[in-house]
Amino acid sequence: MGKTREKELMSRGKRNNSGKPRHVAFIMDGNGRWAERRHLPRVLGHREGAKALERAVRFGVQEGIPYLSFFAFSTENWRRPAEEVEGLMKLFRQTLSDKTVELAEQGIRLRFCGRIGDLPADIQENIEKAEKMTSSLDRMQLIICMNYGGRQELLDAVAKAFANDVSDLDERSFREYLYLPDVPDPDLIIRTSGEMRLSNFFLWQASYAELYFMDVLWPDFDEKDFIDALMAYSKRKRRYGATEGF
Ligand code: IPE
Ligand code: IPE
Ligand code: MG
């Protein structure tokens with residue numbers, strides 16, 4: 001697992017707390033290509049992808065990262081063949097019912113982000129149960145972006161603001177209308193599979209996120225890759241528009 005690099009990373013974190021991200025978000029891309037390269041159905045790539053997600057969560061807990069989020073299904077992913085969409089929903093159902101208790105036992109709070117109301121009714125029920133069951137846990141927040149689109153989130157926020165007759169809209173008050181207003185913006189967004197775009201992910205929240213793109217396909221993403229991304233992050237200088245050291 002590259003113990004030396006992990007140690008280097010840990011000591012870096014201890015020396016300089018700002019070198020450690022509070023919130024890491026993943027655009028889990030490349031499941032389909034992973035399967036196609038093996039002449040397997042794409043759904044099997046998604047299954048392997050679910051295992052990679054589990055690995056990433058395990059490592060995130062070990063590293064003490066307080067928030068991890070994962071882009072699991074976009075509002076545009078409905079455009080895929082029905083068989084793939086159905087396969088993804090089935091996998092989502094299964095993972096949710098198999099893993100919620102395990103996550104709860106580890107003290108992980110499970111939250112969902114997206115147009116949840118447009119998902120199949122049984123999935124909505126399971127989501128509600130999982131969120132309720134883990135709502136008081138605080139070792140880490142695990143956020144699954146499901147039927148999520150950044151533009152849709154912004155439109156939903158504007159609609160809610162209008163409905164509330166909001167007149168004094170500023171960044172702080174607008175944030176209250178996002179899906180998960182209390183979750184801090186991601187410090188680091190990791191996208192696998194070599195594509196260098198956000199694909200409608202966290203448009204508001206990504207304003208000052210550090211972006212890290214890697215060629216590895218999501219089902220192959222492992223602890224070493226996670227460490228590489230954290231190392232790269234720890235060397236970035238974040239300025240937020242100011243000059244350094246200001
Ligand atoms: C990401 O993998 C998972 C989802 C979008 C649900 P893809 O299925 O997009 O994999 P590629 O990009 O086709 O390889
Ligand atoms: C982004 O990946 C969505 C998820 C990872 C869930 P896509 O594979 O859907 O993005 P594009 O189509 O390559 O932009
Ligand atoms: Mg893709």
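The values are calculated or read from the model by the stated rules, or taken from the named source; none is laboratory data. No experiment lies behind these values; they were computed from the predicted model shown. Virtual Cβ from ideal backbone geometry, glycine too; neighbours counted across all protein chains shown. Surface areas here come from the heavy atoms of the whole protein model, side chains and all, with no ligands, DNA or RNA. Shrake-Rupley method; radii C 1.70, N 1.55, O 1.52, S 1.80 Å.
So the values come out like this:
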{"quantity": "More than 32 Å apart - percent of Cα-Cα pairs taken over the chain", "calculated": "21"}
{"quantity": "P(r), alpha carbons of the stretch 67-151 - 10 Å bins starting at zero, rounded %", "calculated": "17, 52, 26, 4"}
{"quantity": "Listed residues Phe71, Phe26, Phe59, most fluctuating in the chain (Gaussian network, C-alpha, under 10 Å)", "calculated": "Phe59"}
{"quantity": "Listed pairs Lys51/Lys129; Lys51/Lys235; Lys90/Lys129; Lys20/Lys132 exceeding 20 Å between Cα atoms", "calculated": "Lys51/Lys129; Lys51/Lys235; Lys20/Lys132"}
{"quantity": "Portion, in percent, of the accessible area of the stretch 119-162 that falls on carbon or sulfur, probe 1.4 Å", "calculated": "55"}
{"quantity": "Largest-first ordering by accessible area, 1.4 Å probe, given options Trp218, Trp34, Trp204, Trp78", "calculated": "Trp78, Trp204, Trp34, Trp218"}
{"quantity": "Most mobile of Asp98, Asp182, Asp170 in a GNM of the chain (Cα contacts under 10 Å)", "calculated": "Asp170"}
{"quantity": "Computed over the chain: relative contact order in percent, which uses C-alpha pairs under 8 Å that are six or more apart", "calculated": "29"}
{"quantity": "Gaussian network model of the chain, Cα within-10 Å springs - most flexible of Leu40, Leu103, Leu178", "calculated": "Leu40"}
{"quantity": "Spacing of the two label points (7 Å from each Cα toward its C-beta) at Arg238 and Asp118, in nm", "calculated": "3.1"}
{"quantity": "Distance from the stretch 81-147 to the stretch 166-213 (C-alpha centre basis), Å", "calculated": "20"}
{"quantity": "Nearest-20 debye value, the chain charge dipole, Cβ charges on Lys, Arg, Asp, Glu", "calculated": "920"}
{"quantity": "Antiparallel DSSP beta bridges within the chain, percent to nearest 5", "calculated": "0"}
{"quantity": "Accessible area per residue, Å², the chain with all protein chains present, probe 1.4 Å", "calculated": "53"}
{"quantity": "Tail fraction, Cα-Cα pairs, the stretch 160-218, threshold 20 Å, whole percent", "calculated": "41"}
{"quantity": "Sequence ranges 156-165, 118-127, ranked by mean other-Cβ count within 10 angstrom, highest first", "calculated": "118-127, 156-165"}
